[in-house]
Amino acid sequence: MGPNPTEGTIKEIDMVHIEVSGPEHSKKGYVMVEIARVLRSMGCEVIVQGEQTHLADKVSVPEEAIHQKLSGVQVSITEMKTRS
């Protein structure tokens with residue numbers, strides 16, 4: 001197993017991993033930003049890959065504008081088998 005990018009921030013045992021995938025221009029970046037915003041509002045510590053780089057422009061978009069962009073987008077959420 002390779003180096004853990006979150007080492008020292010959150011205990012691995014307490015971490016839930018969320019992966020967002022979809023075709024180009026499917027608004028997955030906005031989905032990531034909104035998931036992070038909601039989880040942070042509930043007190044979760046959230047690490048978003050690319051938040052300071054390629055997602056930085058989406059992070060600065062007002063919440064209402066993100067809601068409009070995501071209106072009608074279909075999202076599938078699947079629980080994966082626990083890793084051991």
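Restricting Leu55, Leu70 to residues that are at pLDDT 95 or above and either of a type in the set (Phe, Trp, Tyr) or at negative phi (or both) narrows the list to Leu70. Taken as a whole, the range 28-51 holds at least one residue that is among the β-branched types (Val, Ile, Thr), in contact with a helix residue (DSSP H, G or I) (Cβ under 8 Å, 6 or more places away or on another chain) and more than 22 Å from Asp14 (Cα to Cα). Of the residues making up the range 16-46, those that are of a type in the set (A, V, I, L, M) and in contact with a Leu (Cβ under 8 Å, 6 or more places away or on another chain) number 4.
Of the residues making up the range 25-69, those that are acidic (Asp, Glu) and surrounded by 12 or more Cβ atoms within 10 Å (Cβ to Cβ) are Glu34, Glu51.
The values are calculated or read from the model by the stated rules, or taken from the named source; none is laboratory data. As the structure is a computational prediction, the values presented were derived from the model and not from experiment. Quick reminder, even Gly has a Cβ in these numbers, built from the backbone with ideal geometry, and neighbours come from all protein chains shown.
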